[in-house]
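In what follows, a single structure is set out as structure tokens and then discussed.
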Amino acid sequence: MKNRNVILGIDGIPFELMRSLSDKGVMPNFKELKNSYYFKEMKSSIPHISSVSWSSIITGTNPGEHGIFGFSELIPGTYSLSYPNFNALKSKAFWHQESEKRHIIINVPATYPAKILNGIHIAGFVALDLEKAVYPKTCIPSLKKLEYVIDIDSSLAHKQSKDILFDELMRVLEIRKKTYQFFWNKLNWNNFMVVITSSDRFGHFLWNTYANTDNKLHSRALQFFQKIDDFIGDIKDKLKENDNFIILSDHGMEETKQNMNLNTYLEQEGFLKLSDKHKNYNRIAKGTKAFVLDPGRVYLNKKGRYPNGSISNLEEKDIIEELKKIFYDLKYQNQRVIRTIHEKNDIYSGVNIDKAPDLVVLENSGFCPKGGIGKNVIFEQDNLSGMHNDSAFLFINKEINLELPKVQDVVGLLGGN
């Protein structure tokens with residue numbers, strides 16, 4: 001079989017980190033690859049979060065087509081939150097676009113519950129039940145023997161000992177490696193995709209152990225990436241001559257300085273009115289002009305769309321300009337915190353654009369935009385040392401003519417089988 005495709009996803013790893021670690025010799029397997037073939041920074045989705053980005057990667061479409069704009073949405077006609085899963089994806093993943101080919105898909109985020117395909121699918125985060133995360137179910141006994149887990153035990157991130165969390169990251173990474181090895185020869189496949197998500201958990205909870213070389217756990221951070229490089233090398237050694245090997249991330253990561261509670265800011269500026277009679281977004285009251293869903297997705301409170309909608313079609317343009325002004329004016333210690341603001345028609349296209357946020361607010365480095373209702377302060381910190389940015393990376397073991405790759409370009413790189 002010629003031109004098989006092998007895709008290794010490393011969730012949450014920025015271009016600069018992969019470049020730096022390989023150049024410094026921490027990741028020698030990747031250094032050999034990236035110095036010989038195509039390796040560039042890749043722009044993540046807008047917003048740059050896993051559910052949106054992986055949906056774009058596996059479908060080759062933007063959110064206006066595939067319909068996933070965040071981890072959460074409001075149920076139509078209400079202010080109640082829902083959490084879209086793989087059933088909400090409106091575009092086909094590549095393994096459903098090419099149903100005549102055989103696929104092995106392991107741990108891709110936002111693909112739960114697993115669906116029928118010609119091959120094997122083990123869904124990744126957020127997967128609530130292993131029974132529903134696996135197709136065919138005949139694979140489940142083998143996964144249990146492998147002690148397969150969908151994600152790390154994130155409760156360990158709140159323990160005092162970060163060493164324990166590193167142990168958990170290593171344990172889950174090793175299980176992921178053994179799982180891919182087990183299934184590698186189970187089918188005569190055309191496409192094999194596996195995603196490492198421990199890297200994203202490292203970024204959120206332990207980024208400071210890498211960024212600060214004086215941190216007592218810095219050596220463990222380097223060891224973690226050495227293990228990822230071993231994973232890369234293990235796959236590299238299994239490739240056939242004509243295999244396409246793609247390594248990529250869905251978004252980048254950087255140090256968190258402050259979280260920004262944007263709904264609190266809208267409330268202070270008079271754009272958001274809240275009632276005390278309900279909880280969460282159901283507190284949105286009459287007189288509200290706009291509200292925010294994570295991360296930085298701004299929705300106008302439109303008449304006919306929401307129970308207490310107040311904005312007419314004629315008012316939309318003026319409200320949008322007012323919102324842009326106040327967001328650009330937002331500062332922390334005299335520093336502007338908003339880098340740019342996109343209107344939906346400038347960044348999305350497709351049949352589902354009507355479901356898109358009216359604006360997407362993108363932050364300056366270190367300032368993490370949040371939704372949420374009822375916070376008392378605009379700026380605050382939590383126990384996460386790392387936050388997402390839009391600097392993903394793309395590697396492929398051939399020369400291609402793609403100057404500024406975006407996440408939705410990946411499907412177009414898959415070779416014919």
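Where a number appears in this text, it was derived from the coordinates with a stated rule and is not lab data. Here the structure is a predicted model, which means the values were calculated and not measured. Every residue, glycine among them, receives a Cβ derived from its backbone with ideal geometry; neighbour counts consider all protein chains shown.
Some points to look at:
- Per-residue extension of 0.36 nm, minus the Cα-Cα distance of Leu402 and Lys286, leaves a gain of 36.9 nm for this segment.
- Viscosity 0.890 mPa s, 25 °C: Kirkwood-radius Stokes-Einstein D of region 258-380 over Cα pairs, µm²/s: 167
- Spatial separation of Cα centroids for region 69-95 and region 333-374, in angstrom: 18
- The lysines whose alpha-carbon is closer than 27 Å to the alpha-carbon of Lys324, local same-chain residues fewer than 8 away aside, are Lys43, Lys257, Lys273, Lys286, Lys289, Lys302, Lys303, Lys344, Lys355, Lys370, Lys375, Lys406.
- Restricting region 31-86 to trypsin sites (Lys or Arg not before Pro) in coil, as DSSP defines it, with at most 12 other Cβ within 10 Å: none
- Computed from point charges on the beta carbon alone (+1 for Lys and Arg, -1 for Asp and Glu), the dipole magnitude for region 258-380 about its Cα centre is near 360 Debye.
- Positive-end extreme of charge dipole, the chain - chosen from Pro84, Gln223, Ile140 (charges on Cβ): Ile140
- Once backbone amide H atoms are built at 1.01 Å from N, His121 has Ile105, Tyr135 as its partners under 5 Å, excluding neighbours fewer than 5 places away on the same chain.
- Alpha carbon centroid spacing (whole Å) that separates region 117-192 from region 283-320: 41
- Length gained on full extension, Asp23 to Ser219, computed as 0.36 nm times the residue gap minus the Cα-Cα distance: 68.9 nm.
- Packing-based ranking, highest mean first, of 232-242, 287-297 given that Cβ atoms within 10 Å are counted: 287-297, 232-242
- Each label was represented as a point 7 Å from its Cα along the Cα-to-Cβ direction; for Gln333 and Val126 these points are 3.3 nm apart.
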